[in-house]
1. Take the alpha carbon atoms of segment 1-49, find their center, do the same for segment 128-149, and report the distance between the two centers in whole angstrom.
2. If the elastic network links every pair of Cα atoms under 10 Å, which of 173, 77, 33 fluctuates the most in the Gaussian network model of the chain?
3. Charges only on Cβ, +1 for Lys and Arg, -1 for Asp and Glu: so what's the dipole of segment 185-353 about the Cα centre, in debye to the nearest 20?
4. Read phi for every residue in segment 283-293 and hand back ³J(HN,Hα) as whole Hz from Karplus 6.51 cos²θ - 1.76 cosθ + 1.60, θ = phi - 60°, with x for Gly and Pro.
5. With +1 assigned to the C-beta of every Lys and Arg and -1 to the C-beta of every Asp and Glu, and no other charges, what is the dipole magnitude of segment 2-178 about the Cα centre in debye, to the nearest 20?
6. Using only the alpha-carbon atoms, how far is helix 343-353 inclined from the longest principal axis of the chain? Give it as 0 to 90 degrees, nearest 10.
7. Counting alpha carbon pairs within less than 8 Å and at least 6 residues apart, what relative contact order, in whole percent, applies to the chain?
8. With viscosity set to 1.306 mPa s and temperature to 10 °C, compute the Stokes-Einstein D of segment 2-178, Rh being the Kirkwood radius across alpha carbon pairs; µm²/s, no decimals.
Amino acid sequence: MQKLTMHTSRIYDILMEDGLLASAANRIAEVLPPGTGRKCCVVCDKTVYMLYGKSNKPLPKSLMDAGYEVGYYAFPPGEESKTLDTVADLCGFMSESHFTREDFIIALGGGVCGDIAGFAASVYMRGIPYVQIPTTLLAMADSSIGGKTGVNTEAGKNMIGTIWQPHLVLIDPKVLETLPEDELLNGLAEIIKAGFLADGTIFDTISEGLPEAAFKAIQVKQAIVEEDERESGKRRLLNFGHTIGHAMEKCSGYCIPHGCAVMNGMYLTALAAEDLGWSSEPIAGLIKNVIDAFAYPICKDYSAEALAEAAAGDKKRVSDNIIIVYPDRPGCCAMRELPIRELEDFIGRGLAKA
Ligand SMILES: NC(=O)c1ccc[n+]([C@@H]2O[C@H](COP(=O)([O-])OP(=O)(O)OC[C@H]3O[C@@H](n4cnc5c(N)ncnc54)[C@H](O)[C@@H]3O)[C@@H](O)[C@H]2O)c1
C-alpha cells in the first residue's frame, strides 16, 4: 500500500493499492468524522456505474457488507454534464432521498465526476464529507486531490466552484484496465506536466508503470497545494499549459481531448517563452520529444487571435493581465503577468515556431 498524507485545511490520506475498492468501506469508516451516518450517495457517470457501480462489484459489495445504506446518482458521461444543472439535480436527488448533513458522498469516476460530486458535497446542507475514488488516470494523478471542485458555464471551464477537501482519496489502479487508450493519454499529459514542473524522474518512471508515475505526480501536486491551498501564488504553477490548452478546448467546442490540448499548450508556451528570452534553458525541444514519443497530435487549427480571445476570459486573468506559466529550465517553471493585449502576439510566436 502506498500512502501520502495531505496537510491542507483538512488533513487526509491518499491511499493507492491494487484491489483497494474491495476494502473501501473499512477505510472510509476509519476516517469519517464521529457521528457521520451510515448512508452514502455514490456519484458516478453511467459508464462507470456499469463497470464499477453495480451491486456485485467490489465497491458496492464492500459498502453493503459494512452495513451502509447506499444511494446511486449516475449522470451521462462527458464534460457536457459538468454543469450547475447536474449539481442541482444531484442535490435534489439527495434531498428527496433524505440525505442529511451526517451522510456523505463518494465520487466514483473521472475528473468530471469528482468536480461535480465535490461541488455538491461542498454546498449540500452547507457542506458534507466526501471521498474521492478516481477511476481515470487523470483523476488519479491530478483532479482527485487538492480539493478544487466546480462546473463549467457558457463563459468557460470551471467558472463556478469551491475548494472543499475530501476526507479520503482511494486509488485502485486495477480500474485502469478498462480505461480507453485516449483517456490514458489525457492523464499522462498531467503526469508529464508534473515532470516539467518539478520532478524530471517522472519521465523514467512512466516506463515502469502508469500508477507509479501517477503517484510521483501526486507528490508534486501535494507539495504545491500544501504550500498554497487557495491558489494565491505557487498553485498557479499547476496551470502550466492550461491557458492555451483551455482556449484550444473551447475553440474546438470541447472536441479536442484535454490531455492533447494541455500538451499543445505546454509546447506553444515553451516556444513563445524561448522566443521572448524568458526561459533560462530551452525546454520546447524536450516537450516536443515527449509529444512525439506518445504520438499526441500537434494542433494548429486555431489562429492566435481566436485562441487569445478564448483565453481572455480565463480564470488566470488578473485585471488587464493574464498569468502565464512557462518553463524556465528542466524541472522548474516560472510565472509572469502578461498584458492581455500582448497575448495574441505571445501565442502567435508559439504557433509560428511549432
Ligand atoms: N479539480 C481539479 O483539480 C481538476 C484537475 C484537472 C482536471 N479536472 C477536470 O477533470 C475533468 C476531466 O477528467 P477526466 O479526464 O477523468 O474525464 P471524465 O471524468 O469525463 O472521464 C473520461 C471518460 O472515461 C470514462 N471512464 C472513467 N473511468 C473509467 C474506467 N475505469 N474505465 C473505462 N472508462 C472510464 C468516463 O465514463 C468518461 O467517459 C475536466 O472537467 C477537468 O476540468 C479537475
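1. Between the Cα centres of segment 1-49 and segment 128-149 lies a distance of 10 Å.
2. Checking each option, the largest mean-square fluctuation is seen for 33.
3. Values: 18 positive and 25 negative charges, 28 e Å.
Dipole about the Cα centre, nearest 20: 140 debye.
4. 10, 4, x, 5, 5, 4, 4, 5, 4, 5, 4
5. 280 debye
6. 70 degrees
7. Once normalised by length, the contact order is 14 percent.
8. Answer from the Stokes-Einstein relation: 101 µm²/s.
All of the numbers you see were taken from the coordinates with simple rules; none came from a lab. On a predicted model such as this, the values are computed, not experimentally measured, just so you know. Backbone-built Cβ (ideal geometry, glycine too); neighbour counts: all protein chains shown.
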